[in-house]
Amino acid sequence: MPNRGHWTTLPTLVLALVALLPAGALAGWFDGYSQEQQQQQQRQPQRQQAAAPADLYDVLGLDESATEAEIKRAYRRLSVKHHPDKGGSVAKFNELSAAYQVLSDDEKRLLYDVGGMTAVEQGAGRTDMFGRTMGVPKGPAVEVTVRVPLEDVYKGGTVRASVRRRVVCRGCRGGGAGLAKCAGCEATCPPEIKTVQRRMGPMLVNQEVEVASEERCKDEVRTLEAVIERGMPEDFTVLFERASEQSPGVVPGDVRLKLRSDSHAVFRRDGRHLTMELRISLRQALLGFERRIRHLDGHEVLIANAGISTPGMVITLPREGLPVHGEPSEFGELRVKLEVVFPKTISAAEREWIATHFDDASG
């Protein structure tokens, strides 16, 4: 066991040694240590700045709105220029390849735009076996209903819908708030959810808290174009993945474009069938009639009945309805409901003739 006397005399010995040092030596030592510490602190930000990863779009010399083809062209041009076999830098070539690997993949590019390489490494939002969210969470889906002409449901076509949404500005994130593309950006981004460690007794637990976002957001109008398939069912849904509003640290939700048949002046839709009403005179109802109409694609359709037509009678025309979705050679029916228009007045001679030639069915 150590002798307590040695421990008590140690501070006295240190003080005695300090007293033997030349005048100013101790102060010079502390000054030298302080200067070295300051130099280390000055070098530290430089090392951190040098270690900061470059923006992947800047690596390939692209704007963040670059298309898939533009990304591919830029990578091919720069990879040939900086290829090690042609005297290029291995580090630069690897940097180009890493940038292209992320930006050429739709999912990785979206994650990078949302939260940088940290989000790419975390991956898109998913749940574990306990139902807990892992990776970058995904925002809610948005549903938009668009009316489409009945002619396009019959023939096929396209429809465009403009959606106003919030986007996170990557230019502002990089300190370029004064750039032209950052015009209109404001501190309007919603709060972010951060995970922090809180002490509960002897344990540290992870807890999600809401904090103000440091990102800047702006509104933009995005045009979505959907294909109207022939005979598409009512409320046919076209999915635009991750096209909804953006929030910092969150993968944008989907936009579901619901296509619904618009009303038509002549035809009404009933599933795969079409219905319409046709007015005929009393004379036509008694003696027969023929009527030609224009269909949705412009072809003529003959509606006729040689016999007596009663009010509310339905004439069914096969294969004159809508094309069956997925089976373009099959069609529904056109169902024509007849409306008999009776005269408002009749003359005395007409009254006498009717009384003579028509039986009283009620008697």
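Since every read-out is calculated from the coordinates, none of them should be taken as a lab result. A quick note: this is a predicted structure, and the numbers were derived from the prediction, not measured. With ideal geometry, Cβ positions are generated from the backbone for all residues, glycine too; neighbour counts draw on all protein chains shown.
Under 13 Å from the Cβ of Leu78, count the other residues' Cβ atoms, weight Lys and Arg +1, Asp and Glu -1, and hand me the total.
+4
Defining a contact as two alpha carbons under 8 Å apart and six or more residues distant in sequence, what relative contact order in percent does the range 142-261 show?
39 percent
Within the range 284-319, report the trypsin sites (Lys or Arg not before Pro) that DSSP leaves as loop and that have at most 16 other Cβ atoms within 10 Å.
Passing sites in the range 284-319 are Arg319.
Which of rounded, prolate, oblate describes the range 142-261, given a ≥ b ≥ c as roots of the alpha-carbon gyration tensor eigenvalues and a/c under 1.5 marking rounded, otherwise prolate only if a/b is larger than b/c?
Oblate shape, in that a/c is at least 1.5 and b/c is the bigger or equal ratio.
Can you give me the Kirkwood hydrodynamic radius for the range 268-357, using every pair of distinct Cα atoms, in Å to one decimal?
Kirkwood hydrodynamic radius for the range 268-357: 14.9 Å.
List the pairs from Lys72/Lys194; Lys138/Lys218; Lys108/Lys194 whose alpha-carbon separation is above 30 Å, in the order I gave them.
On the way: Lys72/Lys194 35 Å; Lys138/Lys218 19 Å; Lys108/Lys194 21 Å.
Among Lys72/Lys194; Lys138/Lys218; Lys108/Lys194, the Cα-Cα distance tops 30 Å for Lys72/Lys194.
Relative to the present Cα-Cα distance, how much length would full extension add between Ala98 and Arg198 at 0.36 nm per residue of separation?
Gain on extension, Ala98 to Arg198, equals 32.4 nm.
Set the Förster distance to 35 Å, then compute FRET efficiency between Glu208 and Glu234 from the Cβ-Cβ distance, nearest 0.05.
With R0 = 35 Å, the Cβ-Cβ based efficiency is 0.25.
How large is log10 I(q)/I(0) at q = 0.11, 0.12, 0.14 Å⁻¹ when the Debye formula is applied to the Cα atoms of the range 193-332, each weighted equally and without solvent?
-0.67, -0.73, -0.86
Name the long-range amide H neighbours of Val148: under 5 Å, sequence gap of 5 or more, or other chain; modelled H, no Pro or chain starts.
The answer is Arg260, Ser261, Asp262.
Projected area of the range 56-134, taken from the Cα convex hull and averaged over every viewing direction, in nm²?
Convex hull of Cα atoms, orientation-averaged projection: 6.0 nm².
Residues with beta-carbon under 14 Å from that of Gly253, excluding Gly253: net charge, scoring Lys, Arg +1 and Asp, Glu -1? Intermediate results must be reported in sequence, preceding the final value.
On the way: positive: Lys138, Arg165, Arg166, Arg222, Arg242, Arg256; negative: Glu143, Glu241, Glu245, Asp254.
For residues surrounding Gly253, the net value is +2.
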